[in-house]
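The structure appears right after this line, and notes come after that.
The values are calculated or read from the model by the stated rules, or taken from the named source; none is laboratory data. Being a predicted model, the structure only gives us computed values, none of them experimental. Cβ coordinates were reconstructed from backbone atoms using ideal geometry, including for glycine residues, and neighbour counts include every protein chain displayed. Quick note on the areas: whole protein, heavy atoms, side chains included, nothing else; ligands and nucleic acids left out. Shrake-Rupley method; radii C 1.70, N 1.55, O 1.52, S 1.80 Å.
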Amino acid sequence: MDGKRKGSLFYFGERILLGTLGLVTEPHSHYAVSILVSKQTPFLLTTKENETIQTEGIIISPNFFHRLEASDTEIVVIQLDPKSDEFKKIEMKDSYTLLSPNTIETIQILSEPLFTEDLNCEKARLVYEQILEVLGSKKQNREWDPRIDLAIGRIKNTLPSPISLAVLSNETGISKDRFMHLFKENMGIPLRQYLLWQRLHIAARLLQGG
């Protein structure tokens, strides 16, 4: 053994830390904020408008449709909830923000343990927190409609049991159509997609617990 491996995947309750050698995705979008940093060569992102972005480091906002091509490099990926305190401290511009060369270099150094054999959960959590500290120098004011905050709390307290649109509409005091519109406006994705995202995290927690 040379002390190296293809990478690591860690889950910290709606937060994902991944270090992997080679990563290619189909065109997609999702609810999470994504932070991507290459350790060797630049990777490519192709947008819905067929714009090609070549970079070594980027933050992608929720619901940003893209395809990732990073087949020839080690890459670090962090995904987190856009309503999380960590994201509130990260400066974002539009649909994506390119990271500075100094920030990329710092994250490359911090993420090296993700590609070694002796990594454990405690060390991985430290790597995650150190990377977020590098990115979290700004305090952003991101406010959601309080009715959507109420609905999110109800969803998290109810899942994995079913919860209906009628219940959420009734508890927030607005019509079903208005709730659906307001939810997507605030969260960036439809209610159905958000519920799927939350169920995936529940599944991840169950797998983590054996």
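The table below gives the values:
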{"item": "Accessible surface, per residue, of the chain when the full set of protein chains is kept, probe 1.4 Å, Å²", "result": "54"}
{"item": "Packing rank of 10-21, 42-53, where each peptide gets the mean count of other beta carbons within 10 Å, highest leading", "result": "10-21, 42-53"}
{"item": "Total lysine pairs under 30 Å (Cα atoms) in the stretch 90-186, excluding pairs fewer than 8 apart on one chain", "result": "14"}
{"item": "Reference-scaled alpha-carbon Rg (2.2 N^0.38 Å with N residues) for the chain", "result": "1.08"}
{"item": "Using a Förster distance of 30 Å, the FRET efficiency for GLN193-ASP118 (Cβ separation, nearest 0.05)", "result": "0.20"}
{"item": "Residue-wise HN-Hα coupling along the stretch 147-161, computed from phi with Karplus coefficients 6.51, -1.76, 1.60 (Hz; x: Gly, Pro)", "result": "5, 6, 4, 4, 5, 4, x, 5, 4, 5, 7, 9, 4, x, 5"}
{"item": "Linear extension gain, THR47 paired with ALA204, 0.36 nm per residue minus alpha-carbon span", "result": "53.7 nm"}
{"item": "Sequence ranges 152-164, 120-132, 29-41, ranked by mean other-Cβ count within 10 angstrom, highest first", "result": "29-41, 120-132, 152-164"}
{"item": "Backbone HN-Hα couplings from phi across the stretch 82-90 [Karplus 6.51/-1.76/1.60, Hz, Gly and Pro as x]", "result": "x, 8, 6, 5, 4, 5, 4, 9, 9"}
{"item": "Residues whose placed amide H lies under 5 Å from that of GLY57, excluding near-sequence neighbours", "result": "SER38, LEU99"}
{"item": "Lys/Arg +1, Asp/Glu -1 at C-beta; the stretch 85-210 dipole; positive extreme among ILE107, HIS181, ASN120", "result": "HIS181"}
{"item": "Degrees separating the helix 191-208 axis from the principal Cα axis of the chain, which is the longest one", "result": "50"}
{"item": "Simple Cβ-charge dipole of the chain, Lys/Arg +1 and Asp/Glu -1, about Cα centre, in debye nearest 20", "result": "760"}
{"item": "Cβ-defined net charge surrounding PRO27, 15 Å radius [Lys, Arg +1; Asp, Glu -1]", "result": "-2"}
{"item": "Contact order normalised by residue count of the chain, Cα under 8 Å, 6+ apart, percent", "result": "21"}
{"item": "Under-5 Å amide H pairs with HIS30, H placed in peptide plane, nonlocal only", "result": "ASN63, PHE64"}
{"item": "Rounded to the nearest 20 debye, dipole of the stretch 25-84 from Cβ charges on Lys, Arg, Asp, Glu", "result": "180"}
{"item": "Gained length - ARG178 relative to ASP85, 0.36 nm times residue gap less alpha-carbon distance", "result": "30.8 nm"}
{"item": "Residues with amide H under 5 Å from that of THR73, placed H, sequence gap 5 or more", "result": "GLY22, LEU23"}
{"item": "With every protein chain in place, the chain: carbon and sulfur % of accessible area (1.4 Å)", "result": "51"}
{"item": "³J(HN,Hα), Karplus 6.51/-1.76/1.60, whole Hz, each residue of the stretch 45-54, x for Gly, Pro", "result": "10, 10, 8, 4, 8, 6, 6, 9, 10, 10"}
